[in-house]
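Some notes on the structure that comes next.
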Amino acid sequence: MTGRAATPVVSLRGGALRFGDHVLWRGLDLDVAPGEFVAVLGANGAGKTSLLRAVLGLQPLSEGTLLIDGRAADRARDVVGYIPQQRRVDPLTPMRVRDMVRLGLDGHRWGIARPGHVDWVRAERALERVDALELADEPIGVLSGGEQQRVRIAQALVAERRLVLCDEPLLSLDLASQSTITELIDRQRRDHGSAVLFVTHEINPVLPYVDRVLYLAGGRFRIGTVAEVMTSESLSALYGTPVDVVEHRGRIVVVGAPDGDASAHHDHGDDHDHVAGDDAT
């Protein structure tokens, strides 16, 4: 990670997000420096996906200010690579894998490439990095869920953006693939100084790479290193009830957190944040 004195890629001050009377989080101050890897943890409904939507400029804050690379979030999409929660692509979708990855270069995922300006070499290199080059000419819709997720990761990493947002990118991947993908994202931030916000239900696959943890629960939060946040004392205070954090053979297990806990299990459902229409798209 680069020095904290560098201008933050993400700068959130006094952030709050609520839907009616339901407060996801409030009073959130968060700076993410270039090259920093921040894991975002919390049970379903805590506001993890909503935070990424705010950073993407898709969800206005209820309070506070948010800058991405010094600009308003909805004006900074050109510096963001985004790995969404997994959703199966319609089997009849005709787009080839290489075309989908190329959108991460020229379309910033939000538009269409400029005619005559397609960098297929970089797209193929990105597919090779996620071990999916042999799929380059396949229709994206015929791939398995795990294969489609690898393609999404290649799309997010191909342009070497200043910020990489990861919304449960390890779902549907086996342990070996989880390790490969987390190593790729870590290499991206180390080689190119990309900041990483990594939403996950399971901290253990990313534990070797994490600089800090943002833990969301019940409208409150904790920010700090793994050693500072992932303790019985810290999580008990956050939840307002006794929570035990146990380290076993290099893994962290959380016992007793209400509604399940991000580090106690791997929930293969999407984080809907209990708000209609809150899925990242």
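FYI, it's all coordinate maths here, none of it is from the lab. Keep in mind that what you see is a predicted model, and the values were worked out from it rather than measured. Heads up, the Cβs are rebuilt from the backbone with ideal geometry, glycines too, and the neighbour counts pull from every protein chain shown.
Over region 49-95, the hull volume per residue, using the convex hull of the C-alpha atoms, is 97 Å³. Between the C-alpha center of region 69-89 and that of region 143-210 there is a gap of 14 Å.
For region 143-199, the calculated P(r), taken from all Cα-Cα distances in 5 Å bins from zero up to the bin holding the longest distance, is 4, 20, 32, 26, 13, 5, 0 percent. When you work out D = kT/(6 pi eta Rh) for region 1-111 at 25 °C and 0.890 mPa s, using the Kirkwood radius from C-alpha pairs as Rh and the Stokes-Einstein form, the result is 155 µm²/s. Could you point to the label whose value was computed as mean projected area of the Cα convex hull in nm² for the structure here, given (1) 20.7; (2) 14.5; (3) 17.1? Computing mean projected area of the Cα convex hull in nm² and matching it to (1) 20.7; (2) 14.5; (3) 17.1 gives (2).
Calculated mean residue ellipticity, 222 nm, the chain: -7500 deg cm²/dmol, from DSSP H runs (n ≥ 4) at -39500 (n - 2.57) each, averaged per residue and rounded to 500. In degrees between 0 and 90, to the nearest 10, how far off the longest principal axis of the chain does helix 120-129 point, with axes built from Cα atoms? Roughly 50 degrees, rounded to the nearest 10. Model label sites at Arg96 and Arg251, defined 7 Å from Cα along the beta-carbon direction, differ in position by 4.2 nm. Applying 0.36 nm per residue to the separation of Thr241 and Arg88 and subtracting their alpha-carbon distance, the gain on full extension is 51.3 nm.
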